[in-house]
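Accompanying notes for the structure given below.
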Amino acid sequence: AGIRESVGDANVLAIDYTHPSAVNNNAIFYAENKLPFVMGTTGGDRDKLMEDMQSRDAFAVIAPNMGKQIVAMQAGLEDLATKFPSAFAGYKLEVTESHQKTKADTSGTAKAVIGSLKELSDDDFDLEEDIKMLRDDESTLAFGVSEEALNGHAFHTYTLTSADGSVQFELKHNVEGRTVYAEGTADAVKFLASKVGSGMEGKVFSMIDVLQAGALE
């Protein structure tokens, strides 16, 4: 309350990078206290999260990845899957992702990308069973992560292989450190602040909304 009185309600926003187990309760706290927020925390019950926020007219930017370049890649893949579904029919999908030991859940980015790749390939890839998650130092180093980045990285490799093994496509996005996420989060905060200040009703936005608005620096 003291901060709001000092700077004004429209100038106070929360940034949430906590733990998957806290996602839903934290969001409800922000919404019920009329506190706009940017959430990059993955996990939790995502369907309930969106339902809770929409029913409370919350102002938020919620995204499993705040790296704007990665989000742009995701949006491109979604568009590709919509325009050319089953273009890779018969291809087998394999996914390996590596993060620091403290990441408790499967990568939200990987889940989103896999959704598009499944549309393209018609593969019966199982999100719970088929993702190869690396969290130990030995496997992570062998995957190409530098020792300096063991405590903060996100390496993903998605491979589509034809049925006879003669054709293979590979998509990678590898990040060491957290700068790319910090930059995207700053853009999301400025975007959300502009929406709050516009007088519009509360709404939940994604990082794709931030990209489409051209709200990037």
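The values are calculated or read from the model by the stated rules, or taken from the named source; none is laboratory data. Since we're looking at a predicted model, the values are computed, not measured. Every residue, glycine among them, receives a Cβ derived from its backbone with ideal geometry; neighbour counts consider all protein chains shown. The area values use the complete protein model at the heavy-atom level, side chains included, leaving out ligands, DNA and RNA. Shrake-Rupley method; radii C 1.70, N 1.55, O 1.52, S 1.80 Å.
Things worth noting here:
- In this label model, Lys101 and Ala89 are separated by 4.7 nm, measuring between points 7 Å along each Cα→Cβ vector.
- Fraction of accessible area attributable to carbon and sulfur, the chain (%, probe 1.4 Å): 50 percent
- Percentage relative contact order, the chain, counting C-alpha pairs under 8 Å, at least six apart: 25 percent
- Calculated FRET value between Ala72 and Asp137, using beta carbons and R₀ = 22 Å, to 0.05: 0.10
- Within the listed set Gly197, Gly43, Gly108, the residue fluctuating most in the Gaussian network model of the chain (springs between alpha-carbon atoms under 10 angstrom) is Gly197.
- Rounded, prolate or oblate (a/c below 1.5 giving rounded, otherwise prolate when a/b exceeds b/c) for segment 91-216 by Cα gyration tensor: oblate
- Equivalent ellipsoid semi-axes - Cα gyration tensor, the chain, angstrom: 34, 20, 15
- DSSP-defined beta bridges in the chain - what % are antiparallel, rounded to 5: 60 percent
- Mean separation of Cα contacts under 8 Å (6+ apart) over length of segment 24-84, as relative contact order %: 36 percent
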